[in-house]
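Worksheet for the structure shown next.
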Amino acid sequence: MARQTFWKGYLKLSLVTAAVSLTPATTESNKVRFHVLNRQTKNRVESRYVDSVTHKPVAERDQVKGYPRGEDDYVLLEDEEIEEVGLESTRTIEIDTFVPRGSIDWIWYDKPHFLAPEDKVGVEAFCVIREAMKANDVVGIARLVLYRRERAVLLEPLGKGIVLWTLRYGDEVRDPVAELDDKTEIDTKLLTLMKQLVKEETKDWSPAMVQDPIQKRLKSMIRNKQKSLKKAAPAQKPAPVKSTGNVINIMDALKKSLAAEDGRKPR
């Protein structure tokens, strides 16, 4: 199945520019998803914004973002005002600096995306940028608006393409836990046994190691329920009236009905 492009724009380094497209490197399409239903009617339940005091639905045009500055007191911000503080261009990935490859700890990595040239004209520029990063063993740092937020992104050469990672914000990564006491002594015999155990349990990486058993069980349960449910009988359709090819004469039909009624009346 072809990957669905969800972003198109330009990759830029100094005066070198290439038209590119982004596709998510991961997918959740195989994840079991449920709808919330009304148990009685089996109709789907809708989610709506309602006023917390009046409990009345709020139309989309009346919804506005608010930043709390006190109890029940907010600074209101329109979508246009929020967008004005973002990047001037939401369609350009302009690499502004490079850092040594592997110098950014894994905890900063967020979501991976595949970056690819969008047309033949941009292939050469794309490849030159990719190969230059490989030759210097560096990754590029840029900024981009994705998922309705401005994000720092990391561009890393991978094979014939480039992987674009969104990076977590500085305030999203917590400080590591306090270090253990360095004076703690490790039993050498225990360490030897542990090393042996680790060696015996070491295997080559396989995607099967990170399969989700819960999803498998859910799908199996759903299949079993589907088999146990009896198929609803199709609604009985009225038998089609055979046409005689003649237009029904309403007067004749009424006369026949009246005649039948007269025949049933007691004499």
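Each reported figure results from applying straightforward, stated rules to the coordinates on display, with no laboratory input. Predicted, not measured: the structure shown is a model, and the values here were computed from it. Backbone-built Cβ (ideal geometry, glycine too); neighbour counts: all protein chains shown.
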inquiry  = Under the rule of at least 5 residues apart or a separate chain, name every residue whose amide H is placed under 5 Å from the amide H of Leu158.
reply    = Val163
request  = For Arg174 and Gln63, calculate 0.36 nm times their separation in residues minus their Cα-Cα distance, and state this gained length in nm to one decimal.
outcome  = 36.7 nm
query = Using +1 on the beta carbon of Lys and Arg, -1 on that of Asp and Glu, and nothing else charged, what's the dipole of the stretch 74-178 about the Cα centre, debye to 20?
reply = 680 debye
query = Around Lys111, which amide H atoms from residues at least 5 apart in sequence, or from another chain, sit under 5 Å from its own amide H, with H modelled in the peptide plane?
reply = Thr166
key: Gap separating the Cα centres of the stretch 25-84 and the stretch 138-198, nearest whole Å   = 33 Å
Radius of gyration and Dmax over the Cα atoms of the stretch 103-232, both given in Å = 23.4, 71
message = Can you list residues from other chains, or at least 5 along the same chain, whose modelled amide H is less than 5 Å from the amide H of Arg151?
response = Leu144, Val145, Leu146
note = Pairs over 31 Å Cα to Cα, from Lys65/Lys111; Lys111/Lys216; Lys134/Lys183; Lys203/Lys227; Lys12/Lys111, come to Lys134/Lys183; Lys203/Lys227
request  = Based on the mean of other Cβ atoms within 10 Å per residue, sort peptides 124-136, 214-226, 62-74 so the most packed one is first.
outcome  = 124-136, 214-226, 62-74
request  = Work out the FRET efficiency for His35 and Asp79 from their Cβ-Cβ distance, taking R0 = 30 Å, and round it to the nearest 0.05.
outcome  = 0.55
request  = Between beta-carbons, use under 11 Å as the cut-off and find the net charge around Arg101, counting Lys and Arg +1, Asp and Glu -1.
outcome  = -1
query = In whole Hz, what ³J(HN,Hα) sequence does the stretch 124-140 give by Karplus (6.51, -1.76, 1.60; θ = phi - 60°), x for Gly and Pro?
reply = 4, 5, 4, 5, 5, 5, 4, 5, 5, 5, 4, 4, 9, 6, 10, 10, x
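Given the convex hull of the Cα atoms of the stretch 1-139, what is a quarter of its surface area in nm²?
15.2 nm²
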remark   = Once phi for every residue in the stretch 184-189 is put through the Karplus expression 6.51 cos²θ - 1.76 cosθ + 1.60 (θ = phi - 60°), the whole-Hz ³J(HN,Hα) values, with Gly and Pro written as x, are 5, 8, 9, 5, 4, 5
key: Derived scalar couplings ³J(HN,Hα) [the stretch 165-176; Karplus, 6.51 cos²θ - 1.76 cosθ + 1.60; whole Hz; x for Gly, Pro]   = 9, 6, 9, 5, 6, x, 7, 8, 9, 7, 5, x
